[in-house]
Amino acid sequence: MKDIVLSVLILLVFSMVPETLQAQFKWPGNAKAAVCFTYDDGLDCHLDVAVPQLDEFDFKGTFYATGNSQSLYKRMDDWRQIVSNGHELGNHTLFHPCDAQRLDWVKPEYDLNNYTMDRLMSELQAANSLLKAIDGKEQRTYAYTCGDFIAGGEDFSGKIQPLFRAARGAGEISESMDGYNIYNTPSWMVEDNSAAEMIAFAETARERGIVAVFMFHSVGGGYLNVDADEHRKLLEYFDQHRDDYYIGTFLEVMEYIRGNQ
């Protein structure tokens, strides 16, 4: 009888613990949360602005380049060099197809609704081959273009797993690491946000003990832009709070989650 009462008391006490504490994930070095800096579309500003700022603080980013990126074509040696310096080059498809029913700027030939699964998988494999020719790496992560994971009416987030170690999606920040899906992770698309707003996002992740994935496009001028000074202020914040955050490439952080879920 005493054992039963004790068990009930333990369950009652545990139920009173906040859910975020129950699901607390153990990060390396006793960090309270994890952070990934990701950059989409393979732009010159990534090489000219984002990478130098990341390197200044010895942070590593993940750069999702499309196969038809003009920067990738014209500055291939520069892209190869940043990978040698520890940054990650990720797959963002060959032609950046998206859902044209949701986004009116998408050309019909690159409308995911018109894609077959064979076409999509062939293009993803071709993009992997292109990236391997640049950096020599076989392990790759993927970023869903426009956050879309439906092609021809079919969810392909499960089908890509043989090609990639993980995949970055979009959507609201997680409440906890419980059931975290490394093949469709939430991320926040930054657009004209201040450093204070970006820091608040990171601090929400710290409170919940989860991973904060930043999705950047242009840095220092361009579409879906973040001001270069605001980007640098964000990195300064993380430099001042290194003990609180485990910061790595998307591949590094997702591999850690894979091994410790």
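FYI, it's all coordinate maths here, none of it is from the lab. What you are looking at is a predicted structure, and each value in this text was computed from that prediction instead of being measured. Ideal geometry is used to build each Cβ from the backbone, glycine not excepted, and the neighbour counts take in all protein chains shown.
Going by what's in this entry, would residue 127 be described as surrounded by 21 or more Cβ atoms within 10 Å (Cβ to Cβ), not in a loop (DSSP other than H, G, I, E, B) and not β-branched (Val, Ile, Thr)? Spelling it out, residue 127 is indeed surrounded by 21 or more Cβ atoms within 10 Å (Cβ to Cβ), not in a loop (DSSP other than H, G, I, E, B) and not β-branched (Val, Ile, Thr).
Summed over the stretch 130-147, residues that are within 16 Å of residue 40 (Cα to Cα), touching a helix residue (DSSP H, G or I) at 6+ places or on another chain (Cβ under 7 Å) and assigned to a loop (DSSP other than H, G, I, E, B) total 1. All of 175, 207, 230 fail the test of being closer than 12 Å to residue 34 by Cα, of a type in the set (Asp, Glu) and more than 16 Å from the chain's Cα centre (by Cα), apart from 207. In the set (1) acidic (Asp, Glu); (2) without any contact (Cβ under 8 Å) to a residue 60 or more places away in the chain; (3) surrounded by 16 or more Cβ atoms within 10 Å (Cβ to Cβ), residue 229 fails one condition alone, (3).
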